[in-house]
Amino acid sequence: MGDWEFLYDMKNGGYSDEDILEAQSSGATPEEWAEIERQERKEEWEKLKSLRDTGTISREEFKKRKAEIFG
């Protein structure tokens, strides 16, 4: 599939015009963005756990940042 052929598939797949415009501007489908965001949250969570485990941040700060990541 060519670089932008996925847009044609999106149009025929029932995606909204807004989803298609977003895909045109970013080069990623909504599903790809969901996976990117999931991976970013996972990375943030691993870093946060490391800060907690090394005692770099307080328990309260850990809870606050955890809520920001998953809230």
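Quick rundown of the values:
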| item | result |
| --- | --- |
| Hey, E44 surrounded by 12 or more Cβ atoms within 10 Å (Cβ to Cβ) and touching a helix residue (DSSP H, G or I) at 6+ places or on another chain (Cβ under 8 Å) or not | yes |
| Near pairs, Cβ below 6 angstrom, 6+ apart or cross-chain, from region 1-23 (closer than 16 Å to W33 by Cβ) to any residue that is among the β-branched types (V, I, T) and modelled with pLDDT of 85 or more | M10/I20; A23/T29 |
| Sole residue being modelled with pLDDT of 90 or more and among the small types (G, A, S), chosen from A28, A34 | A34 |
| Cβ pairs under 8 Å, 6+ apart, first in region 49-71 and surrounded by 10 or more Cβ atoms within 10 Å (Cβ to Cβ), second among the aromatic types (F, W, Y) and in a helix (DSSP H, G or I) | L51/F62; R52/F62; K66/W45; I69/W45 |
| Qualifying residue in region 5-16 (condition: at negative phi, within 16 Å of the chain's Cα centre (by Cα) and surrounded by 12 or more Cβ atoms within 10 Å (Cβ to Cβ)) | no |
| Region 17-33, residues that are loosely packed, with under 11 Cβ neighbours inside 10 Å, under 30 Å from E68 (Cβ atoms) and either more than 17 Å from the chain's Cα centre (by Cα) or of a type in the set (G, A, S) (or both) | E18, S25 |
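The values are calculated or read from the model by the stated rules, or taken from the named source; none is laboratory data. Every value quoted in this text rests on a predicted model; they were computed, and no experiment measured them. So basically every Cβ, Gly included, is an ideal-geometry build from the backbone, and we count neighbours across all protein chains shown.
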